[in-house]
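Derivation of every value follows stated rules applied to the coordinates shown; laboratory data play no part. As the structure is a computational prediction, the values presented were derived from the model and not from experiment. All Cβ positions, glycine included, derive from the backbone under ideal geometry; neighbour counts span all protein chains shown.
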Amino acid sequence: MLVNAYSKRIFNMAYQFTGAYEEAEDMTQEIFMKLYNSLEKYDFGKNFSAWLLTLAKNHLIDQYRKTKWEKKSRDDFNEHYLSAEASDRPEEGAIREESKKMIWEGLRKLSSEVRMTMILRDIQGKSYQEIAEIMSLPLGTVKSRVNRGRLQLAKILKEEKEK
Amino acid sequence: MKCERIEELLSPYLEDELDPEERRAVESHLRTCQSCAALLSFMKKTKESLASFPELELSDGLLDRLYIIPEKKRRFQINLDFLLQPALQPILAAATILMMMISFYLFNPNRQNINNSVNRQVHLGYSKIEKLYAKAESFTDNLGAYKDNVLVSLKKINPFGENED
């Protein structure tokens, strides 16, 4: 079933993009409604997962442009991630909590396109080729967006640490 | 190389995507520029931190909302399969021809001419009907006159041979 196979991926993508839990839940529901309405248009020759992620990406960026929810601050990093992390990945305790909070908050300052590219590349670990397919962009543009995003986040972190 | 150029190369440097010459240039710059070296270190940290964001589980409420979407869609979907029944095909074909005729009339640039010719035909039809009515009336009158004559003639006939006086 589609919900079992893809809902977690879509919800996490929406949460990483919006930074707001309830907003991400609503977005996930809207994306699945769109998915069921567009299933007839799916070309069986194409990669379903990439097709679905493109649909999700388009919906998230369109809604972002309409509502500009980035003006609201993102949820506190600890609110949902800390409990999940403590139980799932205790081995990563070495990475400092403070940096993660700053980076999570810093995602808000990236443009929607750069933020989405960063989510796909550095959080979800997709290849540049997959991202190019999902974003419908040339490979070079994807790489330059990732460079820009990493540089912006590194500078944010550097500035915060130097304060 | 200037710091701006080095900054652009830091991300591909981290991913080992630079050619040997660019790589050497970046490493040589990093040995002498503390600011760019610090930036590289923060970039590494950023990359590691992003990769370590855990995946969240969905709440039961959201799962319930997602599971009912296909049912909701089915409930509001109108089933039009009955239109494909063979028995309905002549009706649908006739309806299609009718629609074509109507659209031919509605979108014809010479619609006024069609109207005029239809009017003419309708008037011709009316006048023929009126003539038929008129003929029928005169025929009825004639029948009435014949009836009166016959009655008068019958009265004049004396079946028993008696004098009228």
Please find the FRET efficiency linking B:Leu124 to A:Arg65, where r is the Cβ-Cβ separation and R0 is fixed at 41 Å, and quote it to the nearest 0.05.
0.05
Scan around A:Gln124 for amide H atoms under 5 Å from its own, H built in the peptide plane at 1.01 Å from N, and keep only partners 5 or more places away or cross-chain.
none
Please go through the residue pairs A:Lys46/A:Lys66; A:Lys101/A:Lys126; A:Lys57/A:Lys143; A:Lys8/A:Lys126 and name each one whose alpha carbons sit more than 27 Å apart in this structure.
A:Lys46/A:Lys66
Can you give the alpha-carbon Rg of chain B over 2.2 N^0.38 Å, where N counts its residues?
3.31
For segment B:1-51, what does the convex hull of the Cα positions come to per residue, in cubic angstrom?
65
The answer for GluC sites (Glu not before Pro) in segment B:86-165 that fall in a DSSP coil and have at most 10 neighbouring Cβ atoms within 10 Å is B:Glu162, B:Glu164
Computed [θ] at 222 nm, helices only, for chain B once each DSSP H run of length n ≥ 4 contributes -39500 (n - 2.57):
-25000 deg cm²/dmol
Going through segment A:1-78, which trypsin sites (Lys or Arg not before Pro) have at most 10 other Cβ atoms within 10 Å and a DSSP loop state?
A:Lys68
Per residue of segment B:113-120, what does 6.51 cos²θ - 1.76 cosθ + 1.60 with θ = phi - 60° give for ³J(HN,Hα)? Whole Hz please, x for Gly and Pro, Karplus curve as stated.
4, 4, 4, 4, 5, 5, 4, 4
Could you list the chymotrypsin sites (Phe, Trp or Tyr not before Pro) in segment A:14-81 that lie in coil according to DSSP, counting only those with at most 10 other Cβ atoms within 10 Å of their Cβ?
A:Phe44
Summing -39500 (n - 2.57) over every DSSP H run of at least 4 in chain A, dividing by its residue total and rounding to the nearest 500, the 222 nm mean residue ellipticity is -21500 deg cm²/dmol
Could you give each residue of segment A:118-134 its phi-based ³J(HN,Hα) in whole Hz, using Karplus coefficients 6.51, -1.76, 1.60 with θ = phi - 60°, and x for Gly or Pro?
5, 4, 5, 7, 8, 8, 8, x, 7, 6, 4, 5, 4, 5, 4, 5, 5
